[in-house]
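The values are calculated or read from the model by the stated rules, or taken from the named source; none is laboratory data. All values derive from a computational prediction rather than experimental measurement. For neighbour counting, all protein chains shown are included, and Cβ atoms are generated from backbone atoms with ideal geometry for every residue, glycine included.
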Amino acid sequence: MFKNLYPETRALSSYEIDYDGKFLCGFRGIIFDIDNTLVGHGADADDRSVALMRRLTDMGYKICFLSNNKEPRVKRFCDGLEKGGADMSRIFSIYKAGKPLVKSYYAAMKMMGTKRKTTFFVGDQLFTDVWGANKAGISTVLVNRLYDREEIQIVLKRIPERFILKLYSAKRWKKAKEGALVLIGFMGSGKSTIGRKISESWGFKFLDTDELIEKEEKRTVSEIFAESGEPYFRSLETKAISGDFCELGGCVISCGGGLPMRAENREPLKKSGRVIYLKTSPETVMKRLKNDTTRPLLQRKDKEEAIKSLMKEREPVYCDLADITVITDGKSVEQVLEEIKLAL
Ligand code: S3P
């Protein structure tokens, strides 16, 4: 009923989105709302927003701010970015945009030289930001507003918005429970820990592909690698996700880090439910697995190099396969769960 008001996904804030992954997936332009999305209402660009814009333009993105606010407000924000050293040749803005009217979204894409498929929108309001982006056919990320203090016309819109978001979450939750939650990511990204916590807190059944394989083979992953070689282990992974795997509703499945790398394994993962990528930096993985002896691929002197090069190879596959990406570095298990729940 409210489909045009539903965002494609949600994030805790504009500062928790996996922009690198979206770039890898082909996105090149980002349309941002400013007030309560990047800074508080009417506030100047701060260190955090300057740093984000610098990072995004360095990465290769073009940015367009789309604000219903007036020229002086938008200009002041952009001046702050310029002062902070942002590359203003890649940053554009439209004031009095009249969101949710679509014409300003089209104008933003024209300025950035991007298309619907290569552009996404980040904003904190349904009736302006998300509605307009949906009408324009652009992918949307709805973020939680940064601060509670808002202008009266926005406060009033938050009432029906809360109602619609409740419906949206209930629908998504029901769908998530019908299928499986498939956790992918590098070794040491926390798939088993998060999977177990999801199982405990949300009542999903927990499955782990490595455990299934070990049980079936009656030997550990290390033993399988040593005695039968990696190709044999990979064939066991494919076997583990074949058959009725796609019909596993109400399960959370932790997949071995290398499992999505076989092209034929991706379809069953996608089909079985929502694929959640737990993204973790090589530094964090190194810290967690410094003394690990159970991952055969990392039993080498140049562990750090091995992590970096394997991750580089796998990252595009993880990003492409994921419905949801959560950056896990420096976050508690509870925080990661909260982000998954919001994005479901
Ligand atoms: C592997 C990851 C491991 C395990 C095996 C190979 C990989 O699982 O399947 O050691 O290739 O990344 P975890 O990701 O659970 O550590």
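General remarks:
- Against the test of being touching a Gly at 6+ places or on another chain (Cβ under 6 Å) and within 14 Å of the ligand (Cβ to nearest atom), the options 186, 225 yield a single qualifying residue, 186.
- Any hit, segment 259-267, residues being hydrophobic (A, V, I, L, M, F, W, C), near the ligand (Cβ under 10 Å from one of its atoms) and at pLDDT 95 or above: yes
- Residue selected from segment 273-302 under the condition surrounded by 13 or more Cβ atoms within 10 Å (Cβ to Cβ) and in a loop (DSSP other than H, G, I, E, B), by the criterion nearest to the ligand (Cβ to nearest atom): 295
Residues checked against (1) in contact with a Leu (Cβ under 7 Å, 6 or more places away or on another chain); (2) basic (Lys, Arg); (3) assigned by TED's automatic domain parsing to the domain that holds residue 256; (4) part of a helix (DSSP H, G or I):
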| position | (1), (2), (3), (4) |
| --- | --- |
| 156 | no, no, no, yes |
| 162 | no, yes, no, yes |
| 183 | yes, no, yes, no |
| 193 | no, no, yes, yes |
| 197 | yes, yes, yes, yes |
| 201 | yes, no, yes, yes |
| 206 | no, no, yes, no |
| 210 | no, no, yes, yes |
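- Test: residue 139 is under 12 Å from residue 31 (Cβ atoms), touching an Asp or Glu at 6+ places or on another chain (Cβ under 7 Å) and hydroxyl-bearing (Ser, Thr, Tyr): yes
- Only a single criterion out of (1) near the ligand (Cβ under 9 Å from one of its atoms); (2) of a type outside the set (Gly, Ala, Ser); (3) surrounded by 18 or more Cβ atoms within 10 Å (Cβ to Cβ) is not satisfied by residue 234, namely (3).
- The sole residue among 254, 235, 242 that is under 25 Å from residue 180 (Cβ atoms), modelled with pLDDT under 95 and polar (S, T, N, Q) is 242.
- Check on residue 232, aromatic (Phe, Trp, Tyr), in the same structural domain as residue 296 (by TED's automatic domain parsing) and either on the phi > 0 side of the Ramachandran plot or touching a helix residue (DSSP H, G or I) at 6+ places or on another chain (Cβ under 6 Å) (or both): no
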